[in-house]
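The structure appears right after this line, and notes come after that.
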Amino acid sequence: MNNFFTTLTFLFITYFNFSQSYESKIDSIVSQQYNANDPGIAILVAKDGKAIYKKALGKSNLELNTPLEINSVFQIGSITKQFTAISILMLVEQGKLNIEDKIGKYIPEYAEVGKDITIHHLLNHTSGIKNKTLLSEKNYTSRMDRSPKELITYFKDEPLEFIPGEKFKYSNAGYILLGQIIETISKQSYGQFIQENIFDKIGMTSSYYGNMKHIIPNRTTGYIVEQNDFINADYMSLSLAYSAGALLSTTEDLLKWQNALLSNTLLKESSIKQAMTPTLLNTGKRIPYGYAFRFSRLENSPVIAHTGSTKGFTSIALFLPKENIYITALTNCNCKNVNNVAKQVAELFVTSPDTNKVSAIIKTTKQERKPIAVPAEILNNYTGTYEVKPNVNLTVGLDNTNQLYLLAPGQTKKVELFAETQNHFFVKIVDAEITFNKNEMNKVISLTMNQSGRKIIAKKN
């Protein structure tokens, strides 16, 4: 019994020390570029789908002297393209379009010039459509709201730069066309489609299709540097960015997005794999871009990422599949290198000799092991103290979000318990399971804890 209890406590402490040791290292990386008095950064790091680091540093609004918070809302720029690509694949799964459909089928303006361009070509930037959009215009043009049709009119007469599928060349124009296709098929605006089919479905309650006129809680102000001083970024109607870059979000909501992708909440596994697979050109050459996912490497670890930029904002979302680490960083000034910050943070997990040891200790949650919801009145029956040995008790509690947790003696960190049945729970961060035992009167009398093949029964006080 003593050995089991010592082992369990050691594992809990190891997990939390893992988080704390990286906390100071990440703090140091972030503070080299950002400080509390300038426009700043919100950054989140997750391991196995669970945040192990999330902080904000700097000002949300310099004039009001308001600090950034972890729930601050940023323009995420071209990370929007991931939402557009996944929306297209959702429509594919619904049987409403085919990835090999010619775009002229849905956009009359491209019936001729787009006769050889497929939706696949738009998704991976191999269409040959010139990256000429109103986003690049200066002066007062960028201040005017534009409809998707008006955006397309601006570039529809441009000749193709190359034969579709022959080359890779990044094109916002291509993703504007994808937004129009989503609207044509769904009979909804792009913003409505994203809201109903993604944001609402996975609980992204602090994410929005961008509108400069609407009141958005916790919206940050964007800045640039001019003559070594911060100034307000030029006003730009987000209607110009449309399906290529108009979304706003938070680091926590982007983690929900990442988890939804990996758990196949929005799409089948085969569709996600299609989006996250490098593209083949007509020649057979492979390019490091899928459907709004860019591929690279850090050391021996694959990286799947995308960046974003609008006037006054930069962003990055980076995933290390080998380590199951997700990093997202959002800033309200496009004057500093947020991509380098995210890369340095990623390198902590790629190059650290401790990573593999910790990964062996931390239990990775399997996709098939999904927690179920248990009514609060049942969970309340499990709360209380359980005697491991005389004068040594485990505490089971329930927080205000109806999350059951375990607190080990001498510890201040709560360990969340996730239900597989109404009385059997598992722990995500260590290989441990807990069953609550009842007597013939349906009263909870003890708990049985299993960890790595060892078992202990603790009587309820």
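Only the coordinates and a few stated rules stand behind these numbers; no lab work does. From a predicted model like this one, the values you see are computed outputs, not experimental measurements. Heads up, the Cβs are rebuilt from the backbone with ideal geometry, glycines too, and the neighbour counts pull from every protein chain shown.
Mind checking the alpha-carbon convex hull of region 87-167 and giving the volume per residue in Å³?
Numbers: hull volume 8.6 nm³, N = 81.
In region 87-167, the Cα convex hull volume per residue is 106 Å³.
Of all complete DSSP H helices in the chain, those with a Cα span along the helix axis of 18 Å or greater and a mean Kyte-Doolittle hydropathy of -0.5 or more are 2-31, 80-93, 172-186, 338-351. Once backbone amide H atoms are built at 1.01 Å from N, Val388 has Asn393, Leu394 as its partners under 5 Å, excluding neighbours fewer than 5 places away on the same chain.
Cβ-to-Cβ counts within 10 Å put Thr401, Thr221, Thr265 in ascending order as Thr401, Thr265, Thr221, the fewest first.
Compute the length gained on full extension between Ile70 and Lys414: take 0.36 nm times their separation in residues and subtract their Cα-Cα distance, giving the result in nm to one decimal.
Values: separation 344, 0.36 × 344 = 123.84 nm, distance 2.09 nm.
Length difference between fully extended and current span is 121.8 nm.
Take the Cα of Glu226, step 7 Å toward its Cβ, do the same at Asn264, and the gap between the two points is 5.2 nm.
Given R0 = 41 Å, the distance between the Cβ atoms of Thr184 and Arg286 translates into a calculated FRET efficiency of 0.85. A Förster radius of 30 Å, combined with the Cβ-Cβ distance separating Tyr235 from Ser28, puts the computed FRET efficiency at roughly 0.25. Rounded to the nearest 500, the helix-only mean residue ellipticity at 222 nm of the chain stands at -8000 deg cm²/dmol, with each DSSP H run of n ≥ 4 adding -39,500 (n - 2.57). With Kirkwood radius over Cα pairs in Å in mind, check [x] 24.3; [y] 22.3; [z] 22.9 and report the label derived from this structure. Step by step, Kirkwood radius over Cα pairs in Å for this structure corresponds to label [x]. Across region 269-281, computed HN-Hα scalar couplings (Karplus, 6.51 cos²θ - 1.76 cosθ + 1.60, θ = phi - 60°) run 4, 5, 6, 5, 4, 4, 5, 9, 10, x, 7, 9, 7 Hz from first to last residue, x flagging Gly and Pro. Scalar couplings 3J(HN,Hα) for region 214-219, obtained by applying the Karplus form with A = 6.51, B = -1.76, C = 1.60 to θ = phi - 60°, are 6, 7, 10, x, 6, 5 Hz; x denotes Gly and Pro. Classify region 253-301: rounded, prolate or oblate, from the alpha-carbon gyration tensor (a ≥ b ≥ c, eigenvalue square roots; a/c under 1.5 rounded; otherwise prolate if a/b is larger than b/c)? Here region 253-301 falls in the oblate category.
In nm, what is the difference between 0.36 nm times the number of residues separating Tyr170 and Ala373 and their Cα-Cα distance? Walk me through the numbers on the way to the answer.
Values: separation 203, 0.36 × 203 = 73.08 nm, distance 4.37 nm.
Answer, rounded to one decimal: 68.7 nm.
Please state the shape class of region 190-318: rounded when a/c is under 1.5, otherwise prolate if a/b exceeds b/c and oblate if not, all from the C-alpha gyration tensor. It is oblate, given that a/c is not under 1.5 and a/b is not larger than b/c.
Is the shape of region 98-230 rounded, prolate or oblate, going by the alpha carbon gyration tensor and its root eigenvalues a ≥ b ≥ c, with a/c under 1.5 for rounded and a/b larger than b/c for prolate? In terms of gyration-tensor shape, oblate. Structural descriptor for the chain: relative contact order 16 percent, calculated from alpha carbon pairs under 8 angstrom and at least 6 residues apart. For region 41-55, backbone phi angles converted through the Karplus equation (6.51, -1.76, 1.60; θ = phi - 60°) give residue-by-residue couplings of 8, 10, 9, 9, 10, 10, 10, 6, x, 10, 5, 10, 7, 7, 8 Hz, Gly and Pro being listed as x.
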